[in-house]
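Trainee: Got a structure for you, written out below as structure tokens; questions coming shortly.
The values are calculated or read from the model by the stated rules, or taken from the named source; none is laboratory data. What you see is a predicted model; the values in this text were computed from it and never measured. Backbone-built Cβ (ideal geometry, glycine too); neighbour counts: all protein chains shown.
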Amino acid sequence: MAAYHRPVMLEEAVAALKPGGASTVVDATFGGGGHTMKVLQQLGPRGRLFGIDRDPGAAERATLVRDPRFTFTPGAYDEVLWEMVESGSRVDAVLFDLGISSYQIDEPERGFTYVGAGPLDMRMDTTTGVTAADFLNTVDTVELIEVLQEYGDLPRGQARRVAKEILRRRPLSTTTDLAEAVRNALGWVERGGNPAKRVFQAVRVCVNEELEKLQRALEATEHLLSAGGRLVVITFHSGEDRIVKKFIAERTGRCVCPPELPVCVCGARPVFRKGRVESPSEFEVEANPRSASARLRVAYRTEEPPTGDGPS
């Protein structure tokens, strides 16, 4: 594994997964493999770990994991998880470490960062789909404003100014083109960071259909997790976190039983029981500023039947 990759909230996430013995664990966002390697250290000889990622670069890094307990499947995690469900698989823990990895951010040719010039791509899977340039050069003003608001948390006035400037400058082809459009529309903000960060985030989330895929993947965990199984999700922006929080809340109901109990005894009949919510430590944020916005949420699967029949 590359030395510069820093998995966020590594110790907290693996502790919540509770790998050990003959556990079967899914790392649905393999990325740089940091969480995977830590889980493998704690798995017993009969344990299994499945890695998933649609990024071709992650697939290449997965070949470096020389462990017979590990299996990697390339593809979008919602599709792979539902395939596992349909095959009758059951697992003890599933991890989602959302957002983008250090590898993607630090490679200008991927187009994810406004720091340094690169093609305006932003696709997680570079072999398929619409690029950020394709999207920005064809989208209408109304849709672009909605994307910037919903996925980037931009106030409507700022979203409108950015959208107007993007349309004025079309066609855009590089990350510099987009960053300059944002700078010209909003100017420089002394506090709150570079406004281009939210715009790049919004476009990336839209191009990769990240929130829609997250919802489908979470629904798959209802079917995939065994009773007592752990769902562990690390989010990095409000859109992701709202989906995860709502998903858990809708399936927790009003159960007041301890989360460790596999069977509800209070009569609420929840599908999941809510666990703890954590933020990175001050030490981690200081060492890795990219972790500052992270939130870790945990939920425990009960023996109740899932609420849905298949992917939405």
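Trainee: I'd like the full set of residues that are outside any strand (DSSP E or B), within 20 Å of residue 79 (Cα to Cα), of a type outside the set (Asp, Glu) and in contact with a Phe, Trp or Tyr (Cβ under 9 Å, 6 or more places away or on another chain), limited to region 37-56.
Mentor: Listed by number, the list holds a single entry, 54.
Trainee: What are the residues in region 88-130 that are crowded, with 18+ Cβ neighbours inside 10 Å, assigned to a loop (DSSP other than H, G, I, E, B) and out of contact with any Gly (no Cβ under 7 Å at 6 or more places or on another chain), if any?
Mentor: Those that are crowded, with 18+ Cβ neighbours inside 10 Å, assigned to a loop (DSSP other than H, G, I, E, B) and out of contact with any Gly (no Cβ under 7 Å at 6 or more places or on another chain): 98, 99, 100, 112, 113, 114, 124.
Trainee: A further question on this structure: Looking at the structure I just gave you, is residue 134 assigned to a helix (DSSP H, G or I), farther than 28 Å from residue 289 by Cα and of a type in the set (D, E, K, R)?
Mentor: Answer is yes for this residue.
Trainee: A further question on this structure: Which residues, taken from region 228-258, are within 20 Å of residue 291 (Cβ to Cβ) and in a strand (DSSP E or B)?
Mentor: Within region 228-258, 232, 233, 234, 235 qualify.
Trainee: Among 225, 148, 186, 144, which is the only one that is assigned by TED's automatic domain parsing to the domain that holds residue 76 and either surrounded by 19 or more Cβ atoms within 10 Å (Cβ to Cβ) or not aromatic (Phe, Trp, Tyr) (or both)?
Mentor: It is 225.
Trainee: State which residue is nearest to residue 162 (Cα to Cα) when the search covers only region 213-250 and only residues that are acidic (Asp, Glu) and touching a residue at least 60 places away in the same chain (Cβ under 8 Å).
Mentor: 240
Trainee: Residues of region 1-34 being part of a helix (DSSP H, G or I), at pLDDT 95 or above and closer than 21 Å to residue 68 by Cα, which ones?
Mentor: Passing the criteria: 14, 17.
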